[in-house]
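Each remark here refers to the structure printed beneath this line.
The values are calculated or read from the model by the stated rules, or taken from the named source; none is laboratory data. Everything quoted here is computed from the prediction, not taken from an experiment. Ideal geometry is used to build each Cβ from the backbone, glycine not excepted, and the neighbour counts take in all protein chains shown. For the accessible areas, the whole protein counts, side chains as well, though only heavy atoms, and no ligand, DNA or RNA atoms are used. Shrake-Rupley method; radii C 1.70, N 1.55, O 1.52, S 1.80 Å.
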Amino acid sequence: MTVEAPAPPARWRLSRAAVLVAVFVCAACGLVYELALVALGSYLIGDTVGQASIVLGVMVFAMGVGALAAKPLQPRAAAAFAAIELALALLGGLSVLGLYAAFAWLDLYGPALVGTAFVLGLLIGAEIPLLMVLLQRIREQAAGSAVADLFAADYVGALLGGLAFPFLLLPVFGQLKGALVVGAVNAVAGLALVCTVFRRELSRRARVALGAGTVVVFLSLGYAWVTAHDFELTARQQLYRDPVVHAERSRYQEIVLTRSVAETGRAGTDLRLFLNGDLQFSSVDEYRYHEALVHPVLNGPRGEVLVLGAGDGLAVRELLRYPDVRRVTVVDLDPAVVALARSEPQLRRLNGGAFDDPRVRVVHADAFSWLRTATDRFDAVVADLPDPDETATAKLYTVEFYALVRAVLAEGGRLVVQSGSPYFAPRSYWSIEASLREAGFATTPYHVDVPSFGDWGFLLAAPGATAPALTLPPDAPALRFLDAATLSAAGAFPADRRRVDVPASTLLQPRVLEYARAEWRGY
């Protein structure tokens, strides 16, 4: 005959549930701290994979160290757990602010990131052993069951943190204030558990110390919250030479407009657009870039034109100068960039209100994904995409991507690709050219001088074996920079910048990413 064990008292069940809720909340907060460090690094540095590898690798290693370091704290598990949560709340809550300051003023972002990730990992790693001790003090149970309960709550909490960061904290609070909110939640969760379920285990001295620590933590987080906006404005301005007149962090990137008196010896202002800190154009000389990008590819059929990127509307402005361009389809990932191009007065004047033209259709989508399902055919394609120095953009310079572009080209269609600098980044430039050739294009390389960028290169391409001629359309409008002689000279490369024999870039082997990072380092 089997005798069933008596049901645990309600107090045990409530106390055990409180511990598991604390595990759940603390796990969510810990994962948010990790994601915040990765996201900040991707915005500031641009190397998402590298930043994720550094943060996750260092934090996981530190969590192991923290688990070992928690052994001597087990006799005073309640007080130690509360102190660790307060330390996590303070460091995690202020981590984005501190790292942004290290990047803007001290040029110590790398060491600061590693140090912050290590200390956060150390504290997170100490949580589970201490919570295991506290759980067993409520009611002793088999080690396997206790571990299963704790890790189930931990993993589910991590899921909540992983979803809350991109879909709630970033859109509602932004990175800086989002980290402060999570820090406050972290502190409340730890203190609530210890001060209710385990309050009798706290000595008078421990209560005083935790009370003082709580005041310090919440005053620090509160002060950071109040001053966050001014701090962000000051730190951001430190990163740019000219006054910042617009700044926002969209779902995809940081968008900054600066404006200053032009340094060209003539009246006017210099409007500059930066995406994640990278210069996209200067109003002083952008016409050189966009005339060289757009007009050569239009020497042929041009009724239907596809533009990949170019959310600032400047390339579209040049396309619309041809009356026989019937439709321009712009595929740009970030709606915030296009919205800025429509609404910011000086930028709108610069692009001529291009997005208001009825011939223009805007699609907000990833160019790679959009091309995979596109059914329309285009006479000309203008690829004005961000440089391939990040994982997300490197795929837009691969053989596979250019094969997708080739599939949407109509008979006699042509493609032009902005390809970086053949002077500063020759391997990147010629790897893009090799990728086009491997995708079945014949190419015509050319380059022009754009003072804001330096020597800048483009690739004109057409399917098949015959390279397209580098000439202007016979009916080209009057241009400020480009003429027949200048364009002819653009196809010549000096002896020290002739073709470099490098392999193509593919999705599985993004060589252009490696080249771009190596060649642009230090510029």
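Given L293, L271, L279, which one is within 28 Å of the chain's Cα centre (by Cα), among the hydrophobic types (A, V, I, L, M, F, W, C) and either crowded, with 24+ Cβ neighbours inside 10 Å or in a helix (DSSP H, G or I) (or both)?
L293
Can you tell me which of A341, A228 is in contact (Cβ under 8 Å) with a residue 24 or more places away in the chain and touching an Asp or Glu at 6+ places or on another chain (Cβ under 8 Å)?
That would be A341, the only listed residue that is in contact (Cβ under 8 Å) with a residue 24 or more places away in the chain and touching an Asp or Glu at 6+ places or on another chain (Cβ under 8 Å).
Among the candidates G144, G174, G162, single out the residue that is out of contact with any strand residue (DSSP E or B) (no Cβ under 9 Å at 6 or more places or on another chain), open to solvent by 20 Å² or more (accessible area, probe 1.4 Å), of a type outside the set (K, R) and within 24 Å of Q253 (Cβ to Cβ).
Working: G144 fails: within 24 Å of Q253 (Cβ to Cβ); G174 fails: out of contact with any strand residue (DSSP E or B) (no Cβ under 9 Å at 6 or more places or on another chain).
Result: G162 is the single residue among G144, G174, G162 that is out of contact with any strand residue (DSSP E or B) (no Cβ under 9 Å at 6 or more places or on another chain), open to solvent by 20 Å² or more (accessible area, probe 1.4 Å), of a type outside the set (K, R) and within 24 Å of Q253 (Cβ to Cβ).
Considering every residue within the stretch 314-331, establish whether at least one is among the small types (G, A, S) and modelled with pLDDT of 95 or more. Lay out the reasoning, then the answer.
Looking only at the stretch 314-331, we keep the residues that are among the small types (G, A, S), and these are 315.
Next cut, modelled with pLDDT of 95 or more only: 315.
Yes, because at least one residue in the stretch 314-331 is among the small types (G, A, S) and modelled with pLDDT of 95 or more.
If a residue must be among the hydrophobic types (A, V, I, L, M, F, W, C) and either exposed (fewer than 13 other Cβ atoms within 10 Å of the Cβ) or in a helix (DSSP H, G or I) (or both), how many such residues does the stretch 481-510 contain?
Step one: list which residues in the stretch 481-510 are among the hydrophobic types (A, V, I, L, M, F, W, C), which gives 481-482, 484-485, 487, 489-490, 492-493, 495, 500, 502, 504, 507-508.
Subsequent filtering for residues that are either exposed (fewer than 13 other Cβ atoms within 10 Å of the Cβ) or in a helix (DSSP H, G or I) (or both) retains 484-485, 487, 489-490, 492, 495, 507-508.
Here the count works out to 9.
Do you know which residues across the stretch 437-480 are outside any strand (DSSP E or B), in contact with a strand residue (DSSP E or B) (Cβ under 7 Å, 6 or more places away or on another chain), of a type in the set (A, V, I, L, M) and over 27 Å from S282 (Cβ atoms)?
Taking the stretch 437-480 as the starting set, the residues that turn out to be outside any strand (DSSP E or B) are 437-440, 451-453, 464-480.
Cutting the leftovers down to in contact with a strand residue (DSSP E or B) (Cβ under 7 Å, 6 or more places away or on another chain) gives us 437, 440, 452, 464-468, 470.
Those left that are additionally of a type in the set (A, V, I, L, M): 465, 467, 470.
Correct list: A465, A467.
Just the residues that are among the hydroxyl-bearing types (S, T, Y) and within 27 Å of the chain's Cα centre (by Cα), please, taken from the stretch 429-487. Break it down stepwise before answering.
Looking only at the stretch 429-487, we keep the residues that are among the hydroxyl-bearing types (S, T, Y), and these are 429, 431, 435, 443-444, 446, 452, 466, 471, 486.
Of everything in the stretch 429-487, those that are among the hydroxyl-bearing types (S, T, Y) and within 27 Å of the chain's Cα centre (by Cα) turn out to be Y429, S431, S435, S452.
Assuming P129 fulfils every condition listed in (1) more than 27 Å from the chain's Cα centre (by Cα); (2) closer than 30 Å to R249 by Cα; (3) of a type outside the set (V, I, T) apart from one, which condition is it?
It is condition (2) that P129 fails.
Scan the stretch 228-247 residue by residue and report those that are surrounded by 14 or more Cβ atoms within 10 Å (Cβ to Cβ) and more than 19 Å from L106 (Cα to Cα). Give the steps one after another, and end with the answer.
We begin by selecting, within the stretch 228-247, every residue surrounded by 14 or more Cβ atoms within 10 Å (Cβ to Cβ); these are 228, 231-232, 235-237, 239-240, 242, 244-247.
Within the stretch 228-247, D242, V244, V245, H246, A247 qualify.
Out of the residues in the stretch 374-417 that are of a type in the set (S, T, Y) and modelled with pLDDT under 95, state the one that is surrounded by the fewest Cβ atoms within 10 Å (Cβ to Cβ). Reasoning before the result, please.
Residues of the stretch 374-417 that are of a type in the set (S, T, Y), as a first pass: 375, 391, 393, 397-398, 402.
Restricting the remaining residues to those that are modelled with pLDDT under 95 gives 375, 391, 393.
Working: T375: 5, T391: 16, T393: 20.
For the stretch 374-417, the residue satisfying everything is T375.
Kindly list, by first and then second residue, each pair from a residue in the stretch 94-108 that is under 15 Å from Y43 (Cα atoms) and open to solvent by less than 40 Å² (accessible area, probe 1.4 Å) to a residue that is of a type in the set (S, T, N, Q) and modelled with pLDDT under 95, limited to pairs with Cβ atoms under 9 Å and residues at least 6 apart or on different chains.
Going by the 9 Å Cβ cut-off, the qualifying pairs are V96/Q175; Y100/Q175; A104/T234; A104/Q237; A104/Q238.
Quick check on this structure: which one of L319, L314 is among the aliphatic types (A, V, I, L, M), touching a His at 6+ places or on another chain (Cβ under 8 Å), in contact (Cβ under 8 Å) with a residue 24 or more places away in the chain and closer than 23 Å to F368 by Cβ? Can you show your working first?
On the way: L319 fails: touching a His at 6+ places or on another chain (Cβ under 8 Å).
Result: L314 is the single residue among L319, L314 that is among the aliphatic types (A, V, I, L, M), touching a His at 6+ places or on another chain (Cβ under 8 Å), in contact (Cβ under 8 Å) with a residue 24 or more places away in the chain and closer than 23 Å to F368 by Cβ.
Kindly list, by first and then second residue, each pair from a residue in the stretch 120-146 that is without any contact (Cβ under 8 Å) to a residue 12 or more places away in the chain to a residue that is open to solvent by less than 30 Å² (accessible area, probe 1.4 Å), limited to pairs with Cβ atoms under 9 Å and residues at least 6 apart or on different chains.
Listed pairs, sorted by first residue: Q136/A146; E140/A146; Q141/L135.
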